[in-house]
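First the structure, in the form of structure tokens, and then the observations on it.
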Amino acid sequence: MNYALHKAKLFNKYPAIQDLKMKAKKRIPNVAWEYLETGTGKELTLDRNERAINDIQLVPKFCKGQLNPNIGIELFGESYRAPFGVAPVGLTGLMWPKAEIIISKVAKLYGIPFSLSTVATETPEIVGPYVNPNGWFQLYPPKNKSLRRNLLDRARSSGFKVLLVTADVPAPSRRERTKRAGLTMPPRIDPKFFIEGCKNPAWTWKTIQRGLPRLRTIEGYSEFKDMMSVGAFVQNNMGGNLSWDYCEELREYWDGPIVLKGVLHPDDVQRSIDIGFDGVVISNHGARQFDGAPSSIEVLPSIVQKFKSRTKILFDSGVRSGLDVLKALAIGADFVLLGRPFIYGVCALGEIGVAHVIELLKDDLSNNMIQCGIERLSEVSQIPIFSPSVHNNDRIK
Ligand SMILES: Cc1cc2nc3c(=O)[nH]c(=O)nc-3n(C[C@H](O)[C@H](O)[C@H](O)COP(=O)(O)O)c2cc1C
């Protein structure tokens, strides 16, 4: 990949993540698009995520002379070159074959973390060589203790350093949109499938090369390897098992940083601190699980007020630009994750598309830091926030 060669052209042709999103939609089958984009229920939380971030306003301050933003950051003992990273996304190969390999490679090149889902379509062993030292592994909690330990051992020995334990999937969500789109596992090979294949030749060719998406990490544990049996295995063995006792056991077993992903309530943050977790991700799972949830940015201020400096506060759900990243950091998040945007990048333009997402985020973040009159991330808390729905505005002096 020679991104530098294409950079100027890409910045003109795709000046925002939204432009890559539109390109991605045209290159993948409808069923894959619907799986990626869907929230759940009436998608009220999906709307809320976007609206609440948009509503936050940062009041700029000027006359600071020449500013040269530095967006590097330390987290869990690693230095990252930007304050954002790749959130775990499952069934990734449905959207784009080998997506995990492509995204993890580019994430490493750019010095940002990459998170591999338990239900990704590539294994920790395959992705491991591309991630060290920026690999994070996401766990959906297996009921069976030896399976659980085996999975964690595989992640650790493949080079994954940080463990994300997903809390916000106590049951599969309904995701009506994917049902309407006809998503089945394995994908149904019917005339519609062939028509969609013809309409998306690049996706089809890559899928022929890699094969239909499989849950490669998990399939080895299932008695039958066909996709339907593996899907049923995941549902029966990996959902609804998480409890605080379970989390304590994970804490004892995993010797690196461990983070509870997908919490919104202060009690859950407190409990995670009590049992020795190193951080939380304030997230509503990109609005895919519970349509009654608040947007995660709306709960962030109260979590920051109670827990800043007592645990690492990561944030995701609805972030679509460098300015959105800056807003979350200004409210007090220590780090930001994004899910769908990296998938838009890979579906739109492959490796170069992922690089372009990162470049867009970096450029927009740096530019907006200058607009706000700061050049270090340690100064973000000085940015005055004005937000009718989210913040009490007392930082406007
Ligand atoms: C298609 C898709 C699959 C996802 N799969 C997982 C997963 O396997 N494990 C997990 O913890 N979160 C999963 N998430 C949630 C993301 O990690 C993240 O919380 C969410 O995408 C953030 O919202 P955003 O897409 O608006 O950035 C998934 C999200 C999407 C869009």
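The values are calculated or read from the model by the stated rules, or taken from the named source; none is laboratory data. Quantities reported herein were computed from a predicted structural model and do not represent experimental measurements. As a convention, Cβ positions derive from the backbone with ideal geometry for all residues, glycine included, and neighbour counts pool all protein chains shown.
Listed values, structure above:
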item: Yes/no for residue 365 being away from the ligand (no atom under 14 Å from the Cβ), at pLDDT 95 or above, more than 16 Å from the chain's Cα centre (by Cα) and under 16 Å from residue 3 (Cα atoms); result: no
item: Residue count, the stretch 182-197 (criterion: closer than 26 Å to residue 101 by Cβ and either at pLDDT 95 or above or not hydroxyl-bearing (Ser, Thr, Tyr) (or both)); result: 8
item: Residue among 113, 124, 133 that is within 16 Å of the ligand (Cβ to nearest atom) and either at pLDDT below 95 or within 14 Å of the chain's Cα centre (by Cα) (or both); result: 113
item: Out of 196, 219, sole residue that is touching a helix residue (DSSP H, G or I) at 6+ places or on another chain (Cβ under 7 Å) and under 26 Å from residue 43 (Cα atoms); result: 196
item: Residue that is nearest to residue 378 (Cα to Cα) [pool: residues in the stretch 46-73 that are touching a Gly at 6+ places or on another chain (Cβ under 6 Å) and within 16 Å of the ligand (Cβ to nearest atom)]; result: 53
item: Residues of the stretch 323-339 that turn out to be in a loop (DSSP other than H, G, I, E, B), near the ligand (Cβ under 9 Å from one of its atoms) and crowded, with 23+ Cβ neighbours inside 10 Å, as a count; result: 0
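Yes/no matrix, rows are residues, columns are (1) part of a helix (DSSP H, G or I); (2) not basic (Lys, Arg):
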residue: 225; (1), (2): no, no
residue: 229; (1), (2): yes, yes
residue: 235; (1), (2): yes, yes
residue: 240; (1), (2): no, yes
residue: 246; (1), (2): yes, yes
residue: 252; (1), (2): yes, yes
residue: 261; (1), (2): no, no
residue: 267; (1), (2): yes, yes
residue: 271; (1), (2): yes, no
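Results for (1) within 18 Å of residue 363 (Cβ to Cβ); (2) buried (at least 16 other Cβ atoms within 10 Å of the Cβ); (3) modelled with pLDDT of 95 or more; (4) in contact with a strand residue (DSSP E or B) (Cβ under 6 Å, 6 or more places away or on another chain), shown as yes or no for each residue.
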| site | (1), (2), (3), (4) |
| --- | --- |
| 21 | yes, yes, yes, no |
| 24 | no, yes, yes, no |
| 34 | no, yes, yes, no |
| 39 | no, yes, yes, no |
| 62 | no, no, yes, no |
| 65 | no, no, yes, no |
| 69 | yes, yes, yes, no |
